[in-house]
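Step one of this worksheet: look at the structure below.
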Amino acid sequence: MTYELDEDMALNLVFRTRVAQDESFAQNVYAALCNNEFIPDHNLQETWSCSWRAAGEYVANLRNQYGGREDIDEDYLTWYCSGLVNHPEQAWVEEGQVTDAVREAFKALGWSVVTTNETRGDSL
């Protein structure tokens, strides 16, 4: 069986609503999806990862489909390299960085994050 984090994000009402309504959280999810691997808690032998472009697309799609606002019309470029832009008042982070809030949200989805600085054994 193949596990897909992007599908789990879209299927979870709490997660997708938070991404759709909280721009800083959305950017932090995008940043976490970049340069990291994810392991489903129920299959520690499988990993999931995506490109920066795909990460931006996943976040934009969640915000477009579940934002409930007519004014949101985002695409992957809305988020692509957003961590390079300094937004300290919005708590945006660099690509590859995983905030505690995002790590906890992924854990609630049944996924663990393996950052680029960790080995699989260290993160579990």
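Rule-based calculations on the coordinates, nothing more; no lab input. None of these values were measured; they are calculated from a predicted model. Methodologically, a virtual Cβ is constructed for each residue, glycine included, from the backbone with ideal geometry; neighbour enumeration extends over all protein chains shown.
Taking amide H positions as placed 1.01 Å from N in the peptide plane, with prolines and chain starts having none, which residues 5 or more places from N36, or on another chain, fall under 5 Å of its amide H?
C50
What fraction, in whole percent, of alpha-carbon pairs in segment 1-66 exceed 15 Å separation?
50 percent
Would you calculate the separation in nanometres between label points at R103 and Q65, each defined as 7 Å from the Cα along the Cα-to-beta-carbon direction?
It works out to 2.9 nm between the two label points.
Nearest 10 degrees is fine. How inclined is helix 100-109 to the longest principal axis of the chain, computing both from alpha carbons?
The answer is roughly 70 degrees.
Once you put a point 7 Å from the Cα of T17 and another 7 Å from the Cα of T2, both along the Cβ direction, what distance in nm separates them?
Rounded to a tenth, the inter-label distance reads 3.1 nm.
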